[in-house]
Amino acid sequence: MIDKICKEEVTVYGYANMKNMTPNPDINSQFNKYPHAISIGINIPDEIIDTIDILEIEEKYLQTYIKINSKLNEIGTKIESILHEHKYMAKFIDASSIVSKDKLKGDISHKLVANLAGLGWIGKSCLLINPYYGPRIRWATIITDAPLPYAKKQVPSRCGTCRLCSVNCPSHAIKNIEFNEENSRETRYDAYACNDYFNKLEAQNRPRLCGLCIKVCPWGLVNKKSRKKRNLI
């Protein structure tokens, strides 16, 4: 049932073994009772990403962002309900919630779950890089105790010497350092610098969105011509 929903309503999805996630003191300990997770992702249309640095397009980008989050929340809640109906524990983690505002973190890292589900690698931008869509995907997560056929292998990083996300970041938040699960997020990415930039945009009555690191990533460009357009939102 979950496969059917995901094949029809999301761009990519996968199953993860949460026991493979490095323990994080910022993650609520209640999540330890959920050994598995379902990662769901919907791609942001190329026509939006390719024009995000045009001032007149910002509002359209914002509305697309909101629609994708809403769709992910709808699907995630549906899957959570199905798991409950079959007597499994399940908890949907909202696509964009920030639980710890002082640390600028959510309940769980959707990108790390997608990484564990074999859907891509964590790039220098701290975004999940899917081999086919690059970072042009929004993610959400359902954690559960249901027995799932989780991915056995993770996709190795293919960022190499590329530093486009770092040099194009207007807040200088991306430090051009490869992901290592043993290092903190702060080693690679300054969330506060990014947030300060969003505050400046907001003061100018502009949306709190940037996305230049998404636009310039070569992995988001390589398969553009072959990507089939699906109206998921």
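Observations, loosely collected:
- With all protein chains modelled, accessible area of Ser226 [1.4 Å, Å²]: 70
- Of the solvent-accessible surface of the chain, computed with a 1.4 Å probe and all protein chains present, 52% belongs to carbon and sulfur.
- Sequence of Met21, Met1 from largest to smallest accessible area, 1.4 Å probe: Met1, Met21
- Taking every protein chain into account, the accessible area of the chain amounts to 52 square angstrom per residue (probe 1.4 Å).
- Flagged links, alpha-carbon separation over 28 Å, of Lys67/Lys87; Lys7/Lys87; Lys4/Lys152; Lys4/Lys153; Lys87/Lys228: Lys67/Lys87; Lys87/Lys228
- Cα-centre dipole for the range 95-233 with unit charges at Cβ (Lys and Arg positive, Asp and Glu negative), debye to 20: 860
- Put Met89, Met18 in order of accessible area, highest first, and with a 1.4 Å probe you get Met89, Met18.
- Cysteines not pairable in the chain (beta carbon separation under 4.7 Å absent): Cys6, Cys126, Cys159, Cys162, Cys169, Cys194, Cys210, Cys217
- Using heavy atoms of the protein chains and a probe of 1.4 Å, the accessible area assigned to His84 is about 90 Å².
- On Cα atoms only, tilt of 58-85 relative to the major axis of the chain in degrees: 10
- Accessible area of Cys213 in the full protein assembly, 1.4 Å probe (Å², nearest 10): 30
- Three principal axis lengths of the chain [C-alpha, angstrom, descending]: 49, 38, 34
- Compared with the dominant Cα axis of the chain, that is its longest principal axis, helix 191-203 is turned about 60°.
- Of the residues Ile40, Ala191, Tyr65, the one whose Cα sits farthest toward the positive end of the charge dipole of the chain, with +1 on the Cβ of Lys and Arg and -1 on the Cβ of Asp and Glu, is Ile40.
- What you get for the chain, charging only the Cβ of Lys and Arg (+1) and of Asp and Glu (-1), is a dipole of about 620 debye around the Cα centre.
The values are calculated or read from the model by the stated rules, or taken from the named source; none is laboratory data. Remember, it's a predicted structure, so these values are computed and weren't measured experimentally. So basically every Cβ, Gly included, is an ideal-geometry build from the backbone, and we count neighbours across all protein chains shown. Quick note on the areas: whole protein, heavy atoms, side chains included, nothing else; ligands and nucleic acids left out. Shrake-Rupley method; radii C 1.70, N 1.55, O 1.52, S 1.80 Å.
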